[in-house]
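Engineer: If you scroll down you'll find the structure; I have some questions about it.
The values are calculated or read from the model by the stated rules, or taken from the named source; none is laboratory data. Computed from a predicted structure; not experimentally measured. Virtual Cβ from ideal backbone geometry, glycine too; neighbours counted across all protein chains shown. Ligands, DNA and RNA are stripped out before the accessible areas are found, and what is left, the full protein with its side chains, is counted by its heavy atoms. Shrake-Rupley method; radii C 1.70, N 1.55, O 1.52, S 1.80 Å.
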Amino acid sequence: MATYTQTGNARSLSVRIKNEITGITTTYHGYNTFSFNLDGQTHIWPAIAPSLVASMSKSAFDDRLNDFKRYLEIIIPGLNFSTGTIKEAYLERVDSCEIGKVVS
C-alpha cells in the first residue's frame, strides 16, 4: 500500500442533482464505473473503492472528477456544471485530514 501525506482537504466524487421539474434528487458516484465518448475518443473509468480517493494524486483525482462531470453532462440533458450551484470537490477538513500527517 502506498503512503501519502494528508493535505487537510477531504475529497468527494459524489454529487446530488435535484431535478427542478420533478423535484427528485438523485445521487451519482464517481467511484463507480463510467464511460463516454467525446469527440471520437472513448473515456473509460473502472470502479474504485471510495477509500482510494484520499491516496490519489491531485492530478489523478482531478482527471477522474473532470471526466465524471463530463459524463453526467452527457447522460443528464440540460446539466451544465459551469452554471449550476456546485459545492467544491475539495473541502477543508483539518479535523479528519490532519495537514502533513503521513498515512500508509
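Engineer: Among the residues in region 41-55, are any touching a Gly at 6+ places or on another chain (Cβ under 7 Å), crowded, with 16+ Cβ neighbours inside 10 Å and touching a residue at least 24 places away in the same chain (Cβ under 8 Å)?
Structural biologist: Just the residues of region 41-55 that are touching a Gly at 6+ places or on another chain (Cβ under 7 Å), to begin with: none.
No, that holds for no residue.
Engineer: Can I ask one more? Does region 56-70 hold any residues that are open to solvent by 50 Å² or more (accessible area, probe 1.4 Å) and at pLDDT 85 or above, and which are they?
Structural biologist: At the first step, the residues of region 56-70 found to be open to solvent by 50 Å² or more (accessible area, probe 1.4 Å) are 57-59, 63, 66, 69-70.
Passing the criteria: 59, 63, 66, 69, 70.
Engineer: Out of 85, 26, 7, I need the residue that is modelled with pLDDT of 75 or more and either in a strand (DSSP E or B) or open to solvent by 60 Å² or more (accessible area, probe 1.4 Å) (or both). Which one?
Structural biologist: Matching residue, one of 85, 26, 7: 26.
Engineer: Keeping to region 31-40, report how many residues are among the aromatic types (Phe, Trp, Tyr) and either open to solvent by 80 Å² or more (accessible area, probe 1.4 Å) or part of a helix (DSSP H, G or I) (or both).
Structural biologist: Of the residues in region 31-40, 0 are among the aromatic types (Phe, Trp, Tyr) and either open to solvent by 80 Å² or more (accessible area, probe 1.4 Å) or part of a helix (DSSP H, G or I) (or both).
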